[in-house]
Amino acid sequence: MAIPEQAQMQAPWEYTETPPMDDLLFQQWVELLEKRTGILLPESRKTFLITNLISRMREVKSPDYQAYLHLVTNGSSGQVEWETLVDRLTVHETRFYRDNNALNLIHDNYLKEIIDGKEKPYTVHAWSVGCATGEEPYSLAMLMDYTFLNHNELYYGVTASDVSRAALQTGRDAIYHKRRIKNVPEHIAKTYLEPVDEEHVQVRSTLKQKVCFTQINLLDLAQQPTGMMDIILCQNVLIYFKRELRNLILDHLTTRLKPGGILVLGAGEVFGWTHPELDLINYESTLAFKRRAENDEVNK
């Protein structure tokens, strides 16, 4: 890849104080991030952007913000570098059983109905959207696996998607610090987690094989062949998008939901969005919708 002349003439890299970023350059970075990922970076997170840019610029010895912007927007090498930067700019801090209310809702309002009412055999297809490093989809898999232990004709699979390749690889490796599992019920932890060392555990292989990690950019949902889902879990993701794009993403997710399936969102993340094919589920401290069954559509 061609290097800008300014960069070629730059002296060898050495530590300097963090340089300021003017408003015009900040806006260029904001527009690039939104164009490529849909994520909106407000002015209040300018320091967050600068900190992560500086960290990566030092690693690749890029002399200034403009040169690094040129690097990530040109050629195949730029695309590879962009993948690395996106991992720095997306938040991955999460934990197992982060939202017990959401998991209880899935158990009470869907899995129990599957056990009692679905014609067997039946496979539950679930999707963890914006799965980060995998704690959420593995929590969902643990819930389904344990619920179906005594029901041999019930099966499940979890699709876990995120924009960050590095986060997805962490999910595939399935090794986590013990602080990430503090919310997991003891009997669940004993069943599905095994020690690696004094500080880390790993997900047992029998559960790992039930979760498929795949890179999906939410801007490209309409082109993604994910199939129809019984459960879609999308939490702590939509807050990063503008309202119009947030609603568009939700509309796309609804088209991937089977009749009778449920869409579980983060409480407080979405305001004023409705869909003619969805009914709100009334459950404590949650925001979730159920897609009307085909016979319900006829009766309305």
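The values are calculated or read from the model by the stated rules, or taken from the named source; none is laboratory data. Quick caveat, the model's predicted, so the values are computed rather than measured. So basically every Cβ, Gly included, is an ideal-geometry build from the backbone, and we count neighbours across all protein chains shown.
You will find that of LEU221, LEU207, the residue that is at pLDDT 90 or above and aliphatic (A, V, I, L, M) is LEU207 and no other. Condition (residue is under 16 Å from the mean Cα position of the chain (by Cα) and either surrounded by 18 or more Cβ atoms within 10 Å (Cβ to Cβ) or in a helix (DSSP H, G or I) (or both)) applied to the stretch 53-65: is it met by at least one residue? No, the stretch 53-65 contains no residue that is under 16 Å from the mean Cα position of the chain (by Cα) and either surrounded by 18 or more Cβ atoms within 10 Å (Cβ to Cβ) or in a helix (DSSP H, G or I) (or both). If we scan the stretch 71-86, do we find a residue that is surrounded by 15 or more Cβ atoms within 10 Å (Cβ to Cβ) and touching a Gly at 6+ places or on another chain (Cβ under 9 Å)? Looking through the stretch 71-86, at least one residue is surrounded by 15 or more Cβ atoms within 10 Å (Cβ to Cβ) and touching a Gly at 6+ places or on another chain (Cβ under 9 Å).
Please work out which residue is surrounded by the fewest Cβ atoms within 10 Å (Cβ to Cβ), limiting yourself to the stretch 133-151 and to residues that are of a type in the set (D, E, K, R) and under 16 Å from GLN202 (Cα atoms). It would help to see each step written out before you state the result.
Start the filter on the stretch 133-151 by keeping residues that are of a type in the set (D, E, K, R), which leaves 135-136, 145.
Imposing the further condition that a residue be under 16 Å from GLN202 (Cα atoms) reduces the set to 135-136.
Working: GLU135: 27, GLU136: 29.
Ranking the qualifying residues of the stretch 133-151, first place goes to GLU135.
The selection criterion, being free of Cβ contacts under 8 Å to residues at least 24 places away in the same chain and within 21 Å of the chain's Cα centre (by Cα), holds for GLN209.
Name the residues in the stretch 100-130 that are surrounded by 15 or more Cβ atoms within 10 Å (Cβ to Cβ), more than 19 Å from THR254 (Cβ to Cβ) and among the hydroxyl-bearing types (Ser, Thr, Tyr), would you? Residue satisfying the conditions is TYR122 alone. Applying the set (1) within 18 Å of VAL124 (Cα to Cα); (2) at pLDDT below 95; (3) surrounded by 15 or more Cβ atoms within 10 Å (Cβ to Cβ) to THR254 leaves exactly one unmet item: (2).
Of the strands (runs of 3 or more DSSP E) lying entirely inside the stretch 225-300, not one is found with 1 or more residues being polar (S, T, N, Q). Only residues that are outside any helix (DSSP H, G or I) and either within 13 Å of the chain's Cα centre (by Cα) or at pLDDT below 95 (or both) were counted in the stretch 123-144, giving 8.
Yes/no per residue for (1) within 18 Å of LYS290 (Cα to Cα); (2) in contact with a Lys or Arg (Cβ under 7 Å, 6 or more places away or on another chain); (3) without any contact (Cβ under 8 Å) to a residue 40 or more places away in the chain; (4) among the basic types (Lys, Arg):
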position: TYR68; (1), (2), (3), (4): no, no, yes, no
position: GLY75; (1), (2), (3), (4): no, no, no, no
position: ILE106; (1), (2), (3), (4): yes, no, no, no
position: CYS131; (1), (2), (3), (4): no, no, no, no
